[in-house]
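Student: This is the structure, below, for whatever I ask next.
The values are calculated or read from the model by the stated rules, or taken from the named source; none is laboratory data. None of these values were measured; they are calculated from a predicted model. Please note: Cβ atoms are built from the backbone with ideal geometry, for glycine as well, and neighbour counts cover all protein chains shown.
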């Protein structure tokens, strides 16, 4: 039985198990199994995913972010996870308050205030907006607005997101043939006016609704700017009851690298006993 030091953190409702893996505590071949063991709720620590701080292998970066969804699969990155890892690395002494983070999705630039209660992260360059019209979702034709903000997202605009049955409708989008083979995160957006929107997200890898999604909020804000003329910054109200603020500069069918801003909470530190 091994005792793995962990820190539980929450980024406006997205929760993660954080591990300092700079010394190779978790070997490459066992990372997926560890994540699958630590992330289940009620029977384990419980989290949307696990994030590892590792040494960067690109010059000029402070550290490397490895992000794993709860199912054990490694993803390109995670927006709210990147804010949490910025605070985690700062508290570890692995980086200062201004950080350059290596991810599969590219370089992220983060800044952390001295109190460590929030973080701002400059995400990588988003892809170009794609519109998939009249997609058959559970027997109804729907228009989906798609943007990769580090990971792929599909946006459906709705009159009232509180009425959406997220799990079946989100899964129908996430696994739809138009997004094969990797799938896409499904997001449902309600326009509130005054550059504010409400968002609910079904995340691949978690395979359920999450209380927050940073890259989803970023995609939703940029698409709302492109399609409905909303201006930066856009305030995104999320399922946790909190809000994220997205700063962007629109370009043709995309944005310059956007800035994701929101609260970060350290929940607890402990040890996870793993066979």
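Student: How many of the residues in region 135-170 are without any contact (Cβ under 8 Å) to a residue 12 or more places away in the chain and in contact with a strand residue (DSSP E or B) (Cβ under 6 Å, 6 or more places away or on another chain)?
Tutor: 1
Student: Now, a different point. Residue 216 versus (1) part of a helix (DSSP H, G or I); (2) assigned by TED's automatic domain parsing to the domain that holds residue 7: which is the lone unmet condition?
Tutor: (2)
Student: Going through region 12-29 one residue at a time, which ones are free of Cβ contacts under 8 Å to residues at least 24 places away in the same chain and touching a strand residue (DSSP E or B) at 6+ places or on another chain (Cβ under 9 Å)?
Tutor: 24, 25
Student: Considering each of 17, 53 in turn, give the residue that is in a strand (DSSP E or B), farther than 23 Å from residue 107 by Cβ, assigned by TED's automatic domain parsing to the domain that holds residue 114 and in contact with a helix residue (DSSP H, G or I) (Cβ under 6 Å, 6 or more places away or on another chain).
Tutor: After applying the criteria, what remains is 17.
Student: Among strands (runs of 3 or more DSSP E) lying entirely in region 144-212, which contain 3 or more residues that are touching a helix residue (DSSP H, G or I) at 6+ places or on another chain (Cβ under 7 Å)?
Tutor: 152-157, 185-193, 196-203
Student: Which of the following residues is closer than 30 Å to residue 199 by Cα, at pLDDT 95 or above and not assigned by TED's automatic domain parsing to the domain that holds residue 220: 72, 106, 60?
Tutor: It is 72.
Student: I've got another one for you. Looking at (1) free of Cβ contacts under 8 Å to residues at least 40 places away in the same chain; (2) surrounded by fewer than 20 Cβ atoms within 10 Å (Cβ to Cβ), which one does residue 127 not meet, given that it meets all the others?
Tutor: (1)
Student: Can you tell me how many residues within region 62-93 are in contact with a helix residue (DSSP H, G or I) (Cβ under 8 Å, 6 or more places away or on another chain), touching a residue at least 60 places away in the same chain (Cβ under 8 Å) and more than 22 Å from residue 40 (Cβ to Cβ)?
Tutor: 4
Student: Restricted to region 236-256, and to residues that are in a strand (DSSP E or B) and in contact with a strand residue (DSSP E or B) (Cβ under 8 Å, 6 or more places away or on another chain), which residue is nearest to residue 147 (Cα to Cα)?
Tutor: Across region 236-256, the extreme among qualifying residues is 254.
Student: Here's a follow-up. For region 225-235, check the following and say yes or no: at least one residue is assigned to a strand (DSSP E or B), within 14 Å of the chain's Cα centre (by Cα) and buried (at least 16 other Cβ atoms within 10 Å of the Cβ).
Tutor: no
Student: Being at pLDDT 95 or above and either outside any strand (DSSP E or B) or assigned by TED's automatic domain parsing to the domain that holds residue 212 (or both) is the requirement here; does residue 82 meet it?
Tutor: Spelling it out, residue 82 is indeed at pLDDT 95 or above and either outside any strand (DSSP E or B) or assigned by TED's automatic domain parsing to the domain that holds residue 212 (or both).
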